[in-house]
1. What's the number of the condition residue A:73 fails, among (1) within 24 Å of residue A:26 (Cβ to Cβ); (2) in contact with a Cys (Cβ under 6 Å, 6 or more places away or on another chain); (3) not basic (Lys, Arg)?
2. Could you check residue B:38 against (1) in contact with an Asp or Glu (Cβ under 7 Å, 6 or more places away or on another chain); (2) more than 11 Å from every other protein chain (Cβ to nearest Cβ) and say which number it fails?
3. What are the pairs, 6+ residues apart or on separate chains, where a residue within the stretch B:133-155 that is within 7 Å of another protein chain (Cβ to nearest Cβ) and on the phi > 0 side of the Ramachandran plot has its Cβ under 6 Å from a residue that is modelled with pLDDT under 95 and part of a loop (DSSP other than H, G, I, E, B)?
4. Can you pull out the residues in the stretch A:174-220 that are in contact with a helix residue (DSSP H, G or I) (Cβ under 6 Å, 6 or more places away or on another chain) and either at positive phi or not in a strand (DSSP E or B) (or both)?
5. For residue A:282, are the conditions met, namely being among the basic types (Lys, Arg), closer than 30 Å to residue A:49 by Cβ and surrounded by fewer than 16 Cβ atoms within 10 Å (Cβ to Cβ)?
6. Residue B:94: in contact (Cβ under 8 Å) with a residue 40 or more places away in the chain and either within 16 Å of ligand 1 (Cβ to nearest atom) or within 21 Å of the chain's Cα centre (by Cα) (or both), yes or no?
7. List, please: which pairs have Cβ atoms under 7 Å, are six or more places apart or on different chains, and start with a residue in the stretch A:174-202 that is within 16 Å of ligand 2 (Cβ to nearest atom) and end with one that is acidic (Asp, Glu) and at pLDDT 95 or above?
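The values are calculated or read from the model by the stated rules, or taken from the named source; none is laboratory data. Predicted model, so just to flag it, every value in this text is computed and none were measured. Backbone-built Cβ (ideal geometry, glycine too); neighbour counts: all protein chains shown.
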There are 2 protein chains.
Amino acid sequence: MPREQGDDDADTFRILLATDIHIGYGEKDSVRGNDSLVSFEEILEQAQKHNVDLVLLGGDLFHENKPSRRMMHGCLSLLRKYCMGDRPVQFEFLSDESVNFEHCQFPTLNYEDQNFNISIPVFSIHGNHDDPTGVGNLCSLDLIHSAGLINYFGKTTSLEKIRVSPLLMQKGTTKLALYGLGSLKDERLHRLFLKKNVSMLRPRENQDDWFNLLTLHQNRAKHSDTNFIPEQFLDDFLDLIFWGHEHECRIVPEWNGMQNFYITQPGSSIATSLNEGETKQKHIGLLQIKGKDFKVTPIPLTTVRQFYLEDVVLADTTLNPNDPNVGRKIEAFCREKVEALLEKAESEHSGSRKQPKEPLIRLRVDYTGFDTFSINRFGRQFMNRVANPDQMILFNQRRKLGTKNKQDTDE
Amino acid sequence: MPREQGDDDADTFRILLATDIHIGYGEKDSVRGNDSLVSFEEILEQAQKHNVDLVLLGGDLFHENKPSRRMMHGCLSLLRKYCMGDRPVQFEFLSDESVNFEHCQFPTLNYEDQNFNISIPVFSIHGNHDDPTGVGNLCSLDLIHSAGLINYFGKTTSLEKIRVSPLLMQKGTTKLALYGLGSLKDERLHRLFLKKNVSMLRPRENQDDWFNLLTLHQNRAKHSDTNFIPEQFLDDFLDLIFWGHEHECRIVPEWNGMQNFYITQPGSSIATSLNEGETKQKHIGLLQIKGKDFKVTPIPLTTVRQFYLEDVVLADTTLNPNDPNVGRKIEAFCREKVEALLEKAESEHSGSRKQPKEPLIRLRVDYTGFDTFSINRFGRQFMNRVANPDQMILFNQRRKLGTKNKQDTDE
Ligand SMILES: [Mn+2]
Ligand SMILES: [Mn+2]
Ligand SMILES: [Mn+2]
Ligand SMILES: [Mn+2]
């Protein structure tokens, strides 16, 4: 059960949970081009501020499989700025680095390498956006790992049999077994689970003393029969699942009574699709573990660009399709909606100097029985006030409210 | 004048000179794909072996402006492997890092940053192949500099006026002023020199005590009136010019009596064009500086793939164009030439396990008065014995021997 009090003592692991940072998303957009780096910087600032033992990332650190030079440079620079320094690392590593990091050119922990002075070790699995490809089967995290700025774990080399060796860490009396499984095609992993070809190795002795944390990056929502990982596939000896890939913030741990574990899903730190899941306040989490107890404290991100979504059904309004001026009136109606959302954005602004003033706005307009209007012309009047003037309006017909269209996302 | 004895004393700077390593050249070739990394590794091994104070690179570390992930990873890994460690750096840095590296995200020397444990500092300017481009005007060296594995200098920010601030270093009684000028379009730099808009700043005091070394990466050979940098454009207070970009090895310092300086041109460590300049044995140099004296000791590279070029004029042979079997005879003639070159390659092999067995072979065939034959068919018989079976034969007509065709190179 989540524990109630937040300890900062010598037996408590303090772990910053963040995922789906998508560095590079929208980088060519003149307004939004730096959003992802701004969020990543806030995340690392919070790691310092909360004096964490380590940062744990759940995949999709990069949006592009081959990040641009500017984005790779930005990422390396932020890691160097925030994660190096004299602060000593407070926990012990008990497992064999050369096994945990056997897939890496340097099968070592960065903070145990005398050539790097690491203050906050960052551990990361890869996501589907930044997975290994090409000659050498490398991904962006390999590059950052070899540069000594991250600890890349959870890469599987076999496509037939997956054995996950946990990273074993101890802080005071608390023992943490950290399992990582980098992103795989859901159908393939689903099949491997069904065939019992995925095994989570466990420490030989005192198995019950360990807190077992699994990080993975897969579909949690059911897209089709096999295109997701059912929670019940995961071993019930696990205590907590840190679920990446799903961009909706569901960071407050949810209990799975069948499996007897909790799931925390922090969600992305940037909206990469303009749908409901991304409208929720973005969070990272402070995970504290003491013995077999844990607690996740959600930390709202204050620099993320605001995003407001509203559904409008023209047939449910007083607008009359036979009114000769109906076109003008529809536009006026939508304009008022946007103005209201802009007002809301202003009142809900975090106050952070780094949170942009121009929010993302999406109006989904069911125009059944009416005509559409020019999205671009409409957008132009909100230039410099809205971050996405050209994509504010989405027309659709006879929308079944409540059905989430998962197909159009790419998390 | 170059000094005669090689000192390893406390007053002698020991600098490894290497240039035009072109990491990534031919990386997609199944035979030659790793050649550039193999050479870079040998260069760094030599730096360790010769106990140098620093490595100085003359540009074109990368062949592609946007190196592939595999090549960037290979480069970072080699730098981490060979240039980090406990060996103390033996010279002092006297100038202001924040001025010398003002163009960098981290305007500092890597070995003076307490967060990195650097044993051999590497200094590099950029070449025309890896020059800064795009948003943020970044290049690959910026990335490696920010990762703490290189010291990137010689980046100019103004296009109108260039002022080169030297890196001032002292070892014992020897004072070194290291000037760097990263690659610029030759025509532009030529014009800036003519307009007197290029200035090399000098230390205020005791100007005559400094050994002045300039690293640049430009055309040295005259391609057209303005498409090169005449040696006499360079200040005559300079003692030694380290000339990058030209791939031909002319590492033994050449005296320019008009300017009163020496020029050393180590040449590339990989053949990127199959022309005369690239046939010479590839070298790097050990530069030793004591007071105002210096010496360059050429170090032959033993892992570089061998390259043999021969010119053949069919009209000068006993082959008879009217012979009904002349086609077969020409091929037999060329085959013998190749066999002879292969024998030569075998006898001249360095003996290094890492030097490939399959050399590059180029036969330039002046076929005036004769017919050509199928280059591909000819090449197939040398598969697995020659590194470039498909590109061995180059047909031409009435070739004026001795005129170097500079246009077809891309150094
Ligand atoms: Mn994902
Ligand atoms: Mn994602
Ligand atoms: Mn060049
Ligand atoms: Mn070159």
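1. The one condition residue A:73 does not meet is (2).
2. (1)
3. Pairs that qualify, where the first residue is within 7 Å of another protein chain (Cβ to nearest Cβ) and on the phi > 0 side of the Ramachandran plot and the partner is modelled with pLDDT under 95 and part of a loop (DSSP other than H, G, I, E, B): there are none.
4. A:193, A:218, A:219
5. Values: among the basic types (Lys, Arg): yes; closer than 30 Å to residue A:49 by Cβ: yes; surrounded by fewer than 16 Cβ atoms within 10 Å (Cβ to Cβ): no.
Answer is no for this residue.
6. Values: in contact (Cβ under 8 Å) with a residue 40 or more places away in the chain: yes; either within 16 Å of ligand 1 (Cβ to nearest atom) or within 21 Å of the chain's Cα centre (by Cα) (or both): no.
No, not satisfied.
7. Filtered contacts from the stretch A:174-202: A:182/A:131; A:183/A:131.
Residues checked against (1) closer than 14 Å to residue A:150 by Cβ; (2) of a type in the set (Gly, Ala, Ser); (3) more than 16 Å from ligand 2 (Cβ to nearest atom):
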position	(1), (2), (3)
A:29	no, no, yes
A:32	no, no, yes
A:42	no, no, yes
A:67	yes, no, no
A:80	yes, no, yes
A:91	no, no, yes
